[in-house]
1. Residue check, residue 222 against (1) in a loop (DSSP other than H, G, I, E, B); (2) at pLDDT 90 or above, all met but one. Which one?
2. Taking into account only those residues within segment 155-168 that are of a type outside the set (S, T, N, Q) and either farther than 18 Å from residue 79 by Cα or in contact with a helix residue (DSSP H, G or I) (Cβ under 8 Å, 6 or more places away or on another chain) (or both), which is surrounded by the most Cβ atoms within 10 Å (Cβ to Cβ)?
3. Filter segment 97-107 down to the residues that are closer than 13 Å to residue 195 by Cα and among the hydrophobic types (A, V, I, L, M, F, W, C), then identify the one that is surrounded by the most Cβ atoms within 10 Å (Cβ to Cβ).
4. Please find, within segment 210-219, the residue that is modelled with the lowest pLDDT out of those that are in a loop (DSSP other than H, G, I, E, B) and surrounded by 12 or more Cβ atoms within 10 Å (Cβ to Cβ).
5. Only one of 42, 77, 94, 15 is farther than 21 Å from residue 131 by Cβ, without any contact (Cβ under 8 Å) to a residue 40 or more places away in the chain and either touching an Asp or Glu at 6+ places or on another chain (Cβ under 7 Å) or not polar (S, T, N, Q) (or both). Can you tell me which?
6. What pairs can you find where one residue is in segment 166-187 and at pLDDT below 95, the other is of a type in the set (Phe, Trp, Tyr), and their Cβ atoms are less than 6 Å apart, with a gap of 6+ or different chains?
7. Among the residues in segment 116-135, are any buried (at least 20 other Cβ atoms within 10 Å of the Cβ), touching a Ser or Thr at 6+ places or on another chain (Cβ under 8 Å) and under 21 Å from residue 34 (Cβ atoms)?
Amino acid sequence: MCSHYQAMKEQDRYRRHFGVAPPAEPGKFDVWPGYAASFIRRPREADVGDDAVPQREAVSGQFGLIPHWATDTLIGRKTYNACSETVALKPSFRDAWKNAQHCIIPVDAFFEPDWRSGKAVPTRISSENGDPLGIAGLWSAWKSLKGLVHSFTMLTVNADSHELMCQFHKPVDEKRMVVILPPDSYDAWLQARPQDSMDFMRVYAGQLVASAERPAQASLLD
């Protein structure tokens with residue numbers, strides 16, 4: 001499961017690939033649960049028939065979904081990934097799934113632990129051609145005393161059939177990977193009806209590359 005990823009630094013590259021400008025406060029580059037980062041969603045006003053309303057908007061939010069019923073933001077330290085097989089049933093995610101609150105998380109690379117040596121080796125995973133990755137997610141808005149707090153989670157699928165991603169995590173753990181969307185399906189995902197959401201929960205067919213390296217140290221308790 002992905003608890004650490006690298007967001008995009010270059011605004012022009014973000015805009016070219018995702019067709020929308022990043023938010024004014026894009027958040028961290030090295031992102032861990034509880035950190036602020038950007039996600040892309042379909043504006044609610046996009047359905048009113050006004051051609052002036054863009055089809056996508058970039059929003060800053062917390063990595064780790066905060067459901068509307070939460071009493072504080074700490075739940076986000078545990079809700080940064082949502083299992084697609086159970087997302088419709090889990091209290092933390094089911095409302096966002098039922099309401100098709102779909103989003104795309106712009107990523108340069110994400111990290112998974114390689115345990116084949118007997119120790120966890122942080123491994124950076126990116127697209128083979130160097131293009132950004134758009135990860136399918138869900139977003140939520142939580143009302144705090146200081147105002148509205150946006151947050152998001154990454155959706156995941158079983159990775160047993162993926163040549164690269166089946167190599168990560170502990171031997172006794174299920175092999176899973178985030179849902180990486182083909183660029184030509186971005187709008188389809190953002191506009192998909194609740195009953196069609198599962199159609200996008202697939203193992204990535206594009207090429208990924210992995211390189212072992214020691215990323216910046218961080219802790220879920222930071």
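1. Just one mismatch for residue 222, condition (2).
2. Result: 168.
3. 97
4. 218
5. Answer to the check: 94.
6. Between residues of segment 166-187 that are at pLDDT below 95 and residues that are of a type in the set (Phe, Trp, Tyr), the close pairs are 170/115.
7. No, segment 116-135 contains no residue that is buried (at least 20 other Cβ atoms within 10 Å of the Cβ), touching a Ser or Thr at 6+ places or on another chain (Cβ under 8 Å) and under 21 Å from residue 34 (Cβ atoms).
Residues are listed down the side, and each one gets a yes or a no for (1) within 13 Å of the chain's Cα centre (by Cα); (2) closer than 19 Å to residue 16 by Cα:
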position: 102; (1), (2): yes, no
position: 132; (1), (2): yes, yes
position: 140; (1), (2): yes, no
position: 145; (1), (2): no, no
position: 149; (1), (2): no, no
position: 159; (1), (2): no, no
position: 162; (1), (2): no, no
position: 168; (1), (2): no, no
position: 171; (1), (2): no, no
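The values are calculated or read from the model by the stated rules, or taken from the named source; none is laboratory data. Everything quoted here is computed from the prediction, not taken from an experiment. Quick reminder, even Gly has a Cβ in these numbers, built from the backbone with ideal geometry, and neighbours come from all protein chains shown.
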